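Report on the structure given below.
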Amino acid sequence: KQWYQRRVAITAGGTWDETNGPKLMEIDPSGTARGFYGCAVGKGKQNAKTEIEKLDLSNMTCKELVKEVAKVIYSVHDEVKDKHFELELSWIGKETRGTHQLVPQDIYNEAKTYAEEALNDSDDDDTDM
């Protein structure tokens, strides 16, 4: 028997500290590391990257970013092809003193509502044509 092994893994990680601010890194299967203001991994990553590139990430607050990220996740999800998903949002930054945490429930609720409304507005625009 012959065995084939294919390694496919992409890791994204973030840090924050008072001196250097935020850092987001992506490591691809070859071990190459790249820094980003925003990145996407997994199914739909290309569509998500396209949406992320439209944002002025370096001039947004973490709260604004959480809302936009939720909107991107909802916008790239294909309800016909993809399974139902549960939105989970976490962050690391000044608000968390550099510790990775789930976003507070009130910010989560605001972001989810914002994303759902944007998706519904988009669907309304599509049906108007």
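The residue that is most open to solvent (accessible area, probe 1.4 Å), counting only those in the range 88-120 that are assigned to a loop (DSSP other than H, G, I, E, B) and under 21 Å from ALA48 (Cα atoms), is GLU88. In the range 41-50, of all residues being part of a loop (DSSP other than H, G, I, E, B) and open to solvent by 70 Å² or more (accessible area, probe 1.4 Å), the one that is modelled with the highest pLDDT corresponds to LYS43.
Each row is one residue, and each column tells you yes or no for (1) part of a helix (DSSP H, G or I); (2) open to solvent by 70 Å² or more (accessible area, probe 1.4 Å); (3) in contact (Cβ under 8 Å) with a residue 24 or more places away in the chain; (4) of a type outside the set (Gly, Ala, Ser).
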{"residue": "CYS39", "(1), (2), (3), (4)": "no, no, yes, yes"}
{"residue": "ILE52", "(1), (2), (3), (4)": "yes, no, no, yes"}
{"residue": "GLU68", "(1), (2), (3), (4)": "yes, no, no, yes"}
{"residue": "SER75", "(1), (2), (3), (4)": "yes, no, yes, no"}
{"residue": "GLU79", "(1), (2), (3), (4)": "no, yes, no, yes"}
{"residue": "LYS83", "(1), (2), (3), (4)": "no, yes, no, yes"}
{"residue": "GLU86", "(1), (2), (3), (4)": "no, yes, no, yes"}
{"residue": "SER122", "(1), (2), (3), (4)": "yes, no, yes, no"}
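Of all residues in the range 88-120, those that are free of Cβ contacts under 8 Å to residues at least 40 places away in the same chain, of a type in the set (Asp, Glu) and under 19 Å from TYR74 (Cα atoms) total 3. Among the residues of the range 12-35, are any free of Cβ contacts under 8 Å to residues at least 60 places away in the same chain, closer than 23 Å to ASN109 by Cα and part of a loop (DSSP other than H, G, I, E, B)? There is no residue in the range 12-35 that is free of Cβ contacts under 8 Å to residues at least 60 places away in the same chain, closer than 23 Å to ASN109 by Cα and part of a loop (DSSP other than H, G, I, E, B). Among residues that are modelled with pLDDT under 90 and out of contact with any helix residue (DSSP H, G or I) (no Cβ under 6 Å at 6 or more places or on another chain), VAL80 is included. Among the conditions (1) buried (at least 17 other Cβ atoms within 10 Å of the Cβ); (2) under 18 Å from TYR114 (Cβ atoms), the only one that MET60 does not satisfy is (1).
The values are calculated or read from the model by the stated rules, or taken from the named source; none is laboratory data. Model, not experiment: these values are computed from the prediction. Cβ sites come from the backbone with ideal geometry, for glycine too, and all protein chains shown count toward neighbours. Ligands, DNA and RNA are stripped out before the accessible areas are found, and what is left, the full protein with its side chains, is counted by its heavy atoms. Shrake-Rupley method; radii C 1.70, N 1.55, O 1.52, S 1.80 Å.
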